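Only one structure is covered here, and it is reproduced in the block below.
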Amino acid sequence: MATGEAAAAAASPPELASFLAIGLDQRTAENALANRKVTANLTAVIAEAGVSGCDKSVGNLLYTVATKYPANALVHRPVVIQYIVSSKIKTPAQLDAALSFLSTLGPDPLDTAKFEETCGVGVVVSTEEIQSMVTDILKENMEAIVEQRYHINVGSLCGQVRKWHPWGDAKFIKEEIDKRLTEILGPKTEADNVKPVKKKKEKPAKVEEKKTAVAAPAPPSEEELNPYSIFPQPEENLKVHTEIFFSDGNIWRAHNRKDILEKHLKATGGKVMTRFPPEPNGYLHIGHAKAMFIDFGLAKERNGHCYLRFDDTNPEAEKKEYIDHIQEIVRWMGWEPYKVTYTSDYFQELYELAVCLIKKGLAYVDHQTPEEIKEYREKQMNSPWRDRPIEESLKLFEDMRHGLVAEGKATLRMKQDMQNDNKNMADLIAYRIKFTPHPHAGDKWFIYPSYDYAHCLVDSLENITHSLCTLEFDIRRPSYYWLLVSLDQYQPYVWEYSRLNISNNVMSKRKLNKLVTEKWVDGWDDPRLLTLAGLRRRGVSSTAINSFIRGMGITRSDNSLIRLERLEYHIREELNKVAPRAMVVLHPLKVVINNLDYGTIIDLDAKKWPDAPGDDASAYYKVPFSRTVYIEQSDFRVKDSKDYYGLAPGKTVLLRYAFPIKCTEVIYGDNSDNIIEIRAEYDPSKATKPKGVLHWVAEPSPGVNPLKVEIRLFEKLFLSENPVELEDWLGDLNPRSKEVIKGAYAVPSLATAALGDKFQFERLGYFAVDSDSTAEELVFNRTVTLRDSYGKAGPK
């Protein structure tokens, strides 16, 4: 024992001397004394072990038994302790396996043979075996090692070795890998000490290729029939969620103890509990539709519940406008929340858990600036305040809560592992000071929890069974479970899925906000955006969006870019079934029917639904045919050709639902390019059978113009398929993404169209009534064209 430790032990409670005698360091021993439960447990464990002093490795294992042993299996604790003292269990990995086995077993009789097999008792992994496996693993990863050098994820390499030798000495494995990396790469260079620039994508995005042939469909898999079949049941949540690798070689295997899971199941009745947790700092986009499909969909499929939880930890970003929008759009998407909650609802519980974390010696008040925190993380150095006394951090944290510490002068940080290769374990910030009233919690708080601190704890407090998030949170898993394990909280099952990336668009809220606030688009509901409000205004239904999401499946592939045409296919498929037909002429060209008497109006039947029975009166609408009709300017040419089916001098075409007409004369304006009128004759007998069929609109009565409407046509918002990869992404905006046509003519039946109504304008596409419509003028947005460049290949 060191002289300082001996002196401290002599002047301290007898338990401290006992703790130091089993090899615990001074800080760990003192932290144990600060917790009555740990003190009692560790004293009892030492007594059961019958040791007055032992090797540090044995002492650390005994300490783990005292702090993590499952309460439901106490009857077996003496057996485990004897395995440790006799060196049958001698590594943290073996002990973690033992505790996991016992938490499942509970008080039931112990099958010694099965227990020893589970814990690797008697399994000896030689240094030669480890060295050989390290050689193999490094060879497999050599390309990445040469490319990334000392930025390679050593924890991942250790995990690959331990996959083959789970009972090998974790510390020796890491030391061997570190040694071999040095042999391969040589001394660290200046570049090795520089934090690597984070690439947005490791590989170029894979754009879905257009299919050219239709293959015979294979029988649908279980996952295609039920995309939620991949998720476990709540009662199965006893398995190890993830392995948390520490820089000192220790490994935590996060999992629920049996008693904790039983308490959770009792609270939930065994139901699936999920949550959709948007941050109320903008409008939701189609990526959130995927999250809703997974979160709400899983709960619905399993007859469970899904919370709508607002992640409102930043009081400066939240707006009531966004909260109201999110609640409304979630229900529009077809989902009904079990409850609407806010992270701020749990501020008091979160604060109390932070105090508990400090008392455990697992959090501290820090005074480093953001720049200093960044520098120390890059250098993997501990903060100067990391080891300050627990009572000091408790007092400072209380002062922070009451507004006695200036904004920016202190944070509460979790004491994780500053030397960890995973930067999300580098003592993340748990609380920061903000003298800003909270929109939901009022002015009670001067400190606010971070996402990294609050997210997992609120998941646990709400008894969430499945915490589902996008793949960029995968590297935060260790931190998520570190906090729950440290506070002995229930641990949800975490699963990550790929973000939804769609070509010719941006999906990040930051970029969307820039487009909106800098007025590159016309608000959050601009029909060119893939916000849900924008899609709805464009005329897209929630069922089409959900069909698109379901068609993709719940995938973990994070490097695919979904073609916009795939979404359009699902939109078109639905609209083809629900949108009645009508006729609109965008750029009218006047045609006068010379052989039809002035004032004559012939009411014709036009089909709303092309496949409807002929005797179904509701399948038709009336369209007037008069002496003056209008066709599209593009449907007339002065010079005809064999591949042209429009009107030309001396040529006959069919006006849809009406009669064949033949062009007899062209009336020009002030030059030969300015055609102002066509003269024609119609065939009332319909004896001629022309190939060309044109849509048209007629004067409803002599001298009265047809119904005038405004038409808005939309194209892709960005010219490039993946604008996020461009440095000047705003420079890639499509200048022709929106065209407004003011003087279009429509058939009279459209005069009664109302907001929410959708139509197929024949030969033009699918259109929806826009919210800018007035009593004086209707406005229609084109939802999607009739062209289908994706669906012909048979998308899934």
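The values are calculated or read from the model by the stated rules, or taken from the named source; none is laboratory data. For clarity, every value in this text was computed on a predicted model and none was experimentally measured. All Cβ positions, even for glycine, are placed from backbone atoms using ideal geometry, and neighbour counts span all protein chains on display. The accessibility values were calculated without ligands, DNA or RNA, using every heavy atom of the protein model including side chains. Shrake-Rupley method; radii C 1.70, N 1.55, O 1.52, S 1.80 Å.
Just so you know, in region 573-601 the residues that are within 22 Å of THR664 (Cα to Cα) and among the aliphatic types (A, V, I, L, M) include one that is farthest from the chain's Cα centre (by Cα), and it is LEU596. One residue stands out among those in region 637-654 that are open to solvent by 20 Å² or more (accessible area, probe 1.4 Å) and either touching a Leu at 6+ places or on another chain (Cβ under 7 Å) or of a type in the set (A, V, I, L, M, F, W, C) (or both): the one that is farthest from PRO580 (Cα to Cα), which is VAL638. Quick test for you: out of THR135, THR118, THR182, THR104, pick the one residue that is hydroxyl-bearing (Ser, Thr, Tyr), at pLDDT 85 or above, within 30 Å of ASN237 (Cα to Cα) and not in a loop (DSSP other than H, G, I, E, B). Unique residue meeting the criteria: THR118.
Quick one: in region 27-54, which of the residues that are of a type in the set (S, T, N, Q) and over 44 Å from the mean Cα position of the chain (by Cα) is surrounded by the fewest Cβ atoms within 10 Å (Cβ to Cβ)?
So the residue we want is SER52.
Selection of region 587-600 for residues being of a type outside the set (Ser, Thr, Tyr) and open to solvent by 20 Å² or more (accessible area, probe 1.4 Å) yields HIS587, PRO588, LYS590, ASN594, ASN595, ASP597, GLY599. Just one of (1) part of a loop (DSSP other than H, G, I, E, B); (2) farther than 21 Å from VAL485 by Cα; (3) under 45 Å from the mean Cα position of the chain (by Cα) fails for HIS76. It is (1).
Restricted to region 420-437, and to residues there that are closer than 15 Å to TYR364 by Cα and of a type in the set (Val, Ile, Thr), the residue that is surrounded by the most Cβ atoms within 10 Å (Cβ to Cβ) is ILE433. Filtering HIS455, HIS440 for residues that are open to solvent by 40 Å² or more (accessible area, probe 1.4 Å) and either closer than 28 Å to ASP345 by Cα or without any contact (Cβ under 8 Å) to a residue 24 or more places away in the chain (or both) leaves a single hit, HIS440.
Of all residues assigned to region 720-732, none qualifies as being crowded, with 18+ Cβ neighbours inside 10 Å, assigned to a strand (DSSP E or B), in contact (Cβ under 8 Å) with a residue 24 or more places away in the chain and among the hydrophobic types (A, V, I, L, M, F, W, C).
Might you let me know whether region 405-413 holds any residue that is without any contact (Cβ under 8 Å) to a residue 40 or more places away in the chain, in contact with an Asp or Glu (Cβ under 6 Å, 6 or more places away or on another chain) and surrounded by 16 or more Cβ atoms within 10 Å (Cβ to Cβ)? Within region 405-413, one or more residues are without any contact (Cβ under 8 Å) to a residue 40 or more places away in the chain, in contact with an Asp or Glu (Cβ under 6 Å, 6 or more places away or on another chain) and surrounded by 16 or more Cβ atoms within 10 Å (Cβ to Cβ).
Conditions (1) open to solvent by less than 40 Å² (accessible area, probe 1.4 Å); (2) within 27 Å of ALA73 (Cα to Cα), marked per residue:
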site	(1), (2)
THR112	no, yes
PHE115	yes, yes
VAL121	yes, yes
VAL134	yes, no
ASN141	yes, no
VAL146	no, no
GLY155	yes, no
PRO166	no, yes
LYS171	no, no
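Can you say whether ILE323 is aliphatic (A, V, I, L, M), outside any strand (DSSP E or B), open to solvent by 10 Å² or more (accessible area, probe 1.4 Å) and closer than 29 Å to SER508 by Cβ, as far as the supplied structure shows? Criteria met by ILE323.
Pairing each residue of region 336-363 that is among the aromatic types (Phe, Trp, Tyr) with any residue that is in a helix (DSSP H, G or I), provided the two are 6+ apart or on different chains, yields C-beta distances under 8 Å for TYR338/ALA299; TYR346/ALA454; TYR346/LEU457; TYR346/VAL458; TYR346/LEU461; TYR351/ARG401.
In region 66-89, which residues are open to solvent by 40 Å² or more (accessible area, probe 1.4 Å) and either at pLDDT 85 or above or in the same structural domain as LYS360 (by the TED database) (or both)? Within region 66-89, THR67, LYS68, PRO78, VAL79, GLN82, VAL85, SER86, SER87, LYS88 qualify.
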